């Protein structure tokens, strides 16, 4: 089908009217978070969970739910990669560097997030760094 | 950022007080059972507590430790080699700690680079997951 379209374009000089959507960081993070939210087990009814890599130094875990009085509640935890280690930052709480089981659990989630994002979103083998066979809808020059 | 240069652990059981200054490049090898906070290393000092077990890596000798301590005019008592079992457990914990840190630190850098690549080469259609 694609070959036919390319031939048609070559012969007629007409360009497809399809306009590809350029990517943004926000869109990519949303896609990655679809994977991230699944990594910590079932999400309770009424809860909304996001877990994603915000930038080159920050992981974010965000939860929203309603309490017994139906009041909206939120919890956001940032994990910041710093020279001193991985700093856990929660509003209103003492910041601390992760270690022990908590550090290892986060590392496991990060590993799964990275592997699945590379394979399922970016179509790259996370181990080899080589592209998995794919046909991009559009390649920008 | 996080050293994996810990293949040759040579634990020395030591007690000390005070702060041992030294070359920053050496401090990655001083990851003890307490997982000394790297934050304390950023200024080029290592704040040791009593009963820390020091893994000295390629600098496995009391003389090296004593040299640092002497330079710092701080007290250091080397008790002896940690037991095999003890050192094995501590080494294993230290390795897991280092690997976990490395995983958490490296992945976002690679993902950040991957996003830049994707923005240059892919469309939304290419990367969309089924909701």
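Quantify how strongly other chains surround peptide A:54-66 by giving the mean number of their Cβ atoms within 10 Å of each of its Cβ atoms.
Values: counts 3, 5, 9, 4, 1, 3, 0, 0, 0, 0, 0, 0, 0.
The mean count of partner-chain Cβ atoms within 10 Å per residue comes to 2.
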Quiz item: If you count, for every residue in B:112-121, the Cβ atoms of partner chains within 10 Å of its Cβ, what is the mean?
Solution: 6
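Looking at the square roots a ≥ b ≥ c of the eigenvalues of the Cα gyration tensor of segment A:22-121, which shape do they give, rounded for a/c under 1.5, prolate if a/b is larger than b/c, or oblate? Write out the running numbers ahead of the final one.
Numbers: a/c = 1.60, a/b = 1.07, b/c = 1.49.
Since a/c reaches 1.5 but b/c is at least a/b, the shape of segment A:22-121 is classed as oblate.
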Quiz item: Per residue of B:95-104, what is the mean number of Cβ atoms on other protein chains within 10 angstrom of that residue's Cβ?
Solution: 6
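Throughout, read-outs are computed from the coordinates displayed, never taken from laboratory work. None of these values were measured; they are calculated from a predicted model. In this analysis, Cβ positions are derived from the backbone assuming ideal geometry, glycine residues included, and neighbour counts consider all displayed protein chains.
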